[in-house]
Amino acid sequence: MQETRILIIDDEEVVLDSCKMVLGPAGYKLTTASNGTAGLGLVRELQPDLIFVDLKMPGISGFEFLERLRAMDPNQVAIVITGYATVNSAVEAMKKGAYDFLPKPFTPDELRLITKRGLEKHRLLQEAIVLRREKEMLRENFAAIVSHELKSPLSALQQNLFGLTAELEDKLGDEQKARLERMKGRLDDLLKLIHTWLRVFSVDVNKIKEQFQPVAVASVITRAIENVLPHTTRKNIELTSDVREPLPPVMGDAVSLIEVLGNILNNAVKYSHPQTKIQLTAAAEVGAVVITVRDNGIGIAKEDLPRVFGDFYRGKGAPQMESGCGMGLAISRRIVEAHGGSIAVESEPGKGSQFTVRLPAKT
Amino acid sequence: MSAQKQLLIIDDDPDFVDGIKSILVKANYKVDAAYNPKDGWAALENKKYDLLLLDVMMGRGAEGIMIARKLGKDARLRNLPVLIITSIREQMAFLFPGEAVHPHFVTVDELVEKPVEPKMLLDKVATLIKTAEAKAGHLAEAKK
């Protein structure tokens, strides 16, 4: 096991000596410095596990040492040594990042105890750092692993269905072709589901802010409606859109906004009865563009409303068995919030729901 | 110009290759396939192709990218059009599906995501070959 390094910074020879006498035999590797500047140099050089620092020293004070230490490496554990008269300043030191303080004079046991506690704190901090790094790594690599391991077989399958469809074009009957199309549709849903999950786990939604551009809301609406048309046609739902131009542009990411509206429209279709209506309106308000999507579907129970935008929420009792991962609205909320906007829902069970997205207009 | 175009696919997933090859063969292309980067490179050196379809994730990582880089450094192969086929969605993120993405490893290249719709695949292949031929013609013209 690696030796435990302790750095002691004090201008009083007697303090340094007594620390050595108490901690030396316990097997710690001790290094001492007689002022703060030398101490900072040693921190850099030794990467100690624990630092004792006197508050009152010639040259830079203990406070300044703590400030610079924190700027250099916020994960260092420092304990201040202080005379009785300066207990108040010890508290001040803890505010500046010291982990604890040791009043002078101290007994050997007090020193041993506080050393042990300081080292324990250091160990926990290091463990937390390692865990955090692992989590980051997992998050970053998750996308790549999932993309490749899950998507590869599905892509190969889908590609072969594409190929077979082309090869057998003049040999298959309509019913057989329709079945191939359904297979492709199911695979496509599965691939999309994987994408969604990847977005949740590996894409920081706030990153889209980096590529914000002026976006025309009307074109976002058009694209979102295009995406949902196959589903409205299938359920024989009439989707009307009332875009009240002129609408001011918004600063945002068009693709993400299409995803938001697509999710809302998809849900509206999913929870609507066949042969009903969905109305989309977009209008300018003071400093904002407001888009509402109103359906005459099954609605959402009052107690569920607060959870609608949470992770893994899935509506109950859709008219037909519907697939979904329960992430659509959660992602939509994150995207809208990254745009500085808001998303809200009103609903009456049995009557329908209305989703409202409010996006700040470009100034 | 009516001669059959000769294509090479480098992809380590034989099933994916079959799926893509059948579409290209039906559209009257001659198609060779290599199932690892090494064989792929050997094929490129030994035979003249009109277009390369290149998978990104092969072997122990993005070995397809390494081939693309190597192509870019090769005076002859630099002008071979390349359609890079990736399963890494992230590279495509925030881009409109179907829109051209140019990785610029070689003179003429583009990126598409797996799986590729037949119509899109054939469009891209035809366009890339045409673009590369136009550029080559242009170069020959300039040299005169």
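The numbers here are math on the coordinates, done by the rules we state, and not lab data. Remember, predicted model here, so these are calculated numbers, not experimental data. Note: ideal-geometry Cβ built from the backbone for every residue, glycine included; neighbour counts use all protein chains shown.
Tabulated data for the structure shown
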item	result
Cβ-derived FRET efficiency at R0 45 Å, A:Glu127 paired with A:Asn227, nearest 0.05	0.45
Spatially proximal lysines relative to A:Lys171 (Cα-Cα < 29 Å; intrachain offsets below 8 disregarded)	A:Lys184, B:Lys5, B:Lys21, B:Lys26, B:Lys30, B:Lys114, B:Lys119, B:Lys124
Loop GluC sites (Glu not before Pro), the range A:1-81 (other Cβ atoms within 10 Å of the site Cβ: 16 or fewer; DSSP)	A:Glu3, A:Glu12
Net charge over other residues, Cβ less than 14 angstrom from the Cβ of A:Ile129 (K, R count +1; D, E count -1)	0
On Cα atoms only, tilt of A:36-46 relative to the major axis of chain A in degrees	60
Under 18 Å from the Cα of B:Lys48 - aspartates and glutamates, other chains or at least 8 residues apart	B:Asp32, B:Asp39, B:Asp74, B:Asp109, B:Glu133
Other protein chain Cβ atoms within 10 Å, averaged over every residue that makes up B:107-119	3
Chain A: relative contact order as a whole-number percent, Cα under 8 Å and 6+ apart	11
FRET efficiency, 1/(1 + (r/R0)^6) with R0 41 Å, evaluated for A:Ala216 and A:Glu3 via beta carbons	0.05
Helix axis angle, A:328-338 relative to chain A longest principal axis, alpha carbon, degrees	60
Positive minus negative residues near A:Leu180 (Lys, Arg vs Asp, Glu; Cβ under 12 Å)	+1
Computed [θ] at 222 nm, helices only, for chain A once each DSSP H run of length n ≥ 4 contributes -39500 (n - 2.57)	-17000 deg cm²/dmol
Choice from A:Asn296, A:Asn35, A:Asn263 with maximal GNM fluctuation in chain A (Cα, 10 Å cutoff)	A:Asn35
Spin-label proximity, A:Lys29 to the range A:35-65 - amide N less than 20 Å from point 7 Å beyond Cα toward beta carbon	A:38-53
Overall dimensions of chain B as given by Cα atoms, namely Rg and Dmax in Å	14.5, 46
Stretch gain in nm, segment A:Ala301-A:Arg179, where the contour uses 0.36 nm per residue and the Cα spacing is subtracted	40.2 nm
Chain B: angle of helix B:63-73 to the longest principal axis, Cα-based, in degrees nearest 10	10
